[in-house]
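Engineer: Quick one: the structure is below, questions incoming.
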Amino acid sequence: MDQQQGDSQPPQPETPAPSSTPDTATSSPDSAQPPMSAVPSTEEKETPPPSSPTPMSSSLPGTGTATPPTAPAKPKSKMMLIVIIIIVILLVVVGVGYWYMTSHKSQPTAMAPQAMVAHKTTAPPTQPTAGVTPVTSANVDQTLNNTDSTMQQAVTQANTDLNSISNINSSQDNTNAL
Amino acid sequence: MKRIIYSITAVIAFLGIIFAQNVLPAFAAETLGGPKVLNEANRIENQASHAADKQSNELQNIINRANSLISNRLSSLNELSTRIQNDKRLSSSEKSSLSSDITTDSNGLTALKTKIDADTDVTTARADEKQIITSYYVYAVFEPKMRLLITLNNLQTITTNVQVLVPQLQNLINTYKSQGGDVTQLQSLLTDISTQLQTINTTITNDISTVEGVSTTSSSGASATFSKVRQDISQIVKTDFVKIRTDFSQMRPLFKELINKKPSGTPSQAAPSTAVASPSAAQ
């Protein structure tokens with residue numbers, strides 16, 4: 001705060017004749033200390049201790065012609081500026097937080113449809129459509145060969161089934177033994 | 001004197017009563033047939049007890065035998081159900097229809113088991129035991145019927161797949177013919193295949209209808225029907241399948257010969273417009 005005040009003040013002479021210009025006395029506590037030591041001892045008793053950060057009270061009695069300083073308004077505006085900056089920072093933080101939360105929420109909602117789409121896309125391979133393979137000169141030999149093998153397998157399976165029928169002991173359904 | 005006579009008389013009467021109570025029953029039992037009466041009573045009593053025991057044992061034997069009969073049939077039906085579910089050529093509707101029949105029988109046998117287990121008299125239990133056989137005929141009718149239907153449906157599926165192939169082969173032959181190729185033999189073979197398939201299809205369709213009409217609650221006539229269907233499968237379907245396979249084996253070199261004569265790519269562009277699944281893909 002003090003440094004900001006010192007930085008913001010206009011370049012005025014601070015060290016020479018501190019008592020002649022009340023503005024310099026009120027500019028900052030650091031710059032007010034040298035004049036305090038130069039004033040008479042009677043006034044020294046009335047002046048507040050150097051640690052007091054209120055130089056206005058010490059300078060007013062000695063300088064009646066002092067113009068209303070603009071210095072009190074400067075801290076207010078700086079405070080306002082600081083408050084505004086804090087508010088802006090808070091808004092930024094809130095905005096970043098909101099963006100972060102919304103981005104985290106959007107991820108699951110985005111994943112769900114993707115999962116559903118992925119599930120739907122895997123469905124067709126589980127039930128593959130019959131191969132649409134017209135018989136051409138390129139595949140006629142292979143097609144006939146495959147068909148021949150399929151028929152052979154079917155006949156073999158039919159033989160097995162017929163044998164299993166022959167092996168059924170139908171005498172178990174004879175009621176004479178009961 | 002009178003007093004003495006009275007006393008003696010009283011003593012004699014007392015002794016007489018004692019004698020009569022102790023000796024006369026034994027005398028009567030020995031001399032008037034008492035043991036026979038007692039033996040007869042004991043015999044009747046033992047007979048009644050024995051009859052009750054015998055009836056109880058017989059009931060339990062019937063129940064045990066019935067449970068064994070039902071258990072064997074349920075096991076056979078489960079095997080049949082597994083066979084149907086694992087079949088790769090049966091359609092889902094065929095599987096569903098056959099499995100439904102099996103489930104009906106299984107549920108009926110399970111309910112019958114519950115009833116027999118609760119039977120309390122031999123006559124009812126024996127009648128229920130007979131129902132295990134006469135209401136289902138699992139071995140004489142039901143299982144052969146199901147297995148024949150499985151076989152017939154499988155053969156019908158193959159026949160349909162080969163029939164799908166015929167028009168495609170015909171289109172290919174027409175293409176070669178239009179390009180000046182000699183397709184006389186190919187056409188003859190394909191015509192024979194088509195004829196065989198028609199015969200097979202008709203036979204299988206009729207046999208399926210016949211087998212489906214066989215009642216499982218009667219064993220009469222089922223055996224003859226099954227024999228006829230098995231004969232059809234062996235003598236018609238399988239024989240015609242062999243002919244078709246022979247035709248295929250003769251067609252392959254003929255097609256190769258035509259392909260080698262023609263410039264590459266020309267016949268393949270004349271693919272049939274009705275593109276259908278090849279039989280191999282359907283397996």
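Engineer: Sum -39500 (n - 2.57) across every DSSP H segment of at least 4 residues in chain B, then divide by the residue count to get the 222 nm mean residue ellipticity, nearest 500.
Structural biologist: Numbers: 9 runs with 226 residues, N = 283.
Estimated from H runs of four or more residues: -28500 deg cm²/dmol.
Engineer: Here is a further query. Just counting partner chain Cβ atoms within 10 Å, what average do the residues of peptide B:58-68 show around their Cβ? List each step's numbers first, then the result.
Structural biologist: Details: counts 0, 0, 0, 0, 1, 0, 0, 2, 1, 0, 0.
Mean partner-chain Cβ count within 10 Å for B:58-68: 0.
Engineer: Under a crude label model (7 Å from the Cα following the beta-carbon direction), how far is B:Gln47 from B:Ser96 in nanometres?
Structural biologist: Between B:Gln47 and B:Ser96, the simple spin-label model gives 6.5 nm.
Engineer: At 7 Å along the Cα-to-beta-carbon direction for both B:Thr103 and A:Asn167, put a label point, then send me their distance in nm to one decimal.
Structural biologist: That separation, rounded to one decimal, is 2.8 nm.
Engineer: Something else: Excluding B:Ser99 itself, calculate the net charge of residues whose Cβ lies under 12 Å from the Cβ of B:Ser99, where each Lys or Arg counts +1 and each Asp or Glu counts -1. Walk me through the numbers before you get to the answer.
Structural biologist: On the way: positive: B:Arg83, B:Lys95; negative: B:Asp87, B:Glu94, B:Asp101, B:Asp105.
So the surrounding residues net to -2.
Engineer: Among B:Ala52, B:Ala224, B:Ala41, which one shows the highest mean-square fluctuation when chain B is modelled as a Gaussian network with alpha-carbon springs under 10 Å?
Structural biologist: Of B:Ala52, B:Ala224, B:Ala41, the Gaussian network model singles out B:Ala41 as fluctuating most.
Engineer: On to the next question. What FRET efficiency comes out for A:Trp99 versus B:Thr205 if R0 is 60 angstrom and r is the Cβ-Cβ distance? Round to the nearest 0.05. Let's see the in-between values first.
Structural biologist: Working: r = 71 Å, r/R0 = 1.18.
The value I calculate is 0.25.
Engineer: While we're on this one: Determine the alpha carbon to alpha carbon distance for each of B:Lys177/B:Lys238; B:Lys177/B:Lys256; B:Lys145/B:Lys243 and list only those over 25 Å. Please report the intermediate quantities before stating the final value.
Structural biologist: On the way: B:Lys177/B:Lys238 32 Å; B:Lys177/B:Lys256 14 Å; B:Lys145/B:Lys243 28 Å.
From B:Lys177/B:Lys238; B:Lys177/B:Lys256; B:Lys145/B:Lys243, over 25 Å: B:Lys177/B:Lys238; B:Lys145/B:Lys243.
Engineer: Still on this structure, please answer the following. Once the piece of chain linking B:Thr217 and B:Asn78 is laid out straight, how much longer is it, given 0.36 nm per residue of separation minus the C-alpha distance between them?
Structural biologist: Working: separation 139, 0.36 × 139 = 50.04 nm, distance 1.96 nm.
So the extension gain works out to 48.1 nm.
Coordinate-derived values only; no laboratory data. None of these values were measured; they are calculated from a predicted model. Heads up, the Cβs are rebuilt from the backbone with ideal geometry, glycines too, and the neighbour counts pull from every protein chain shown.
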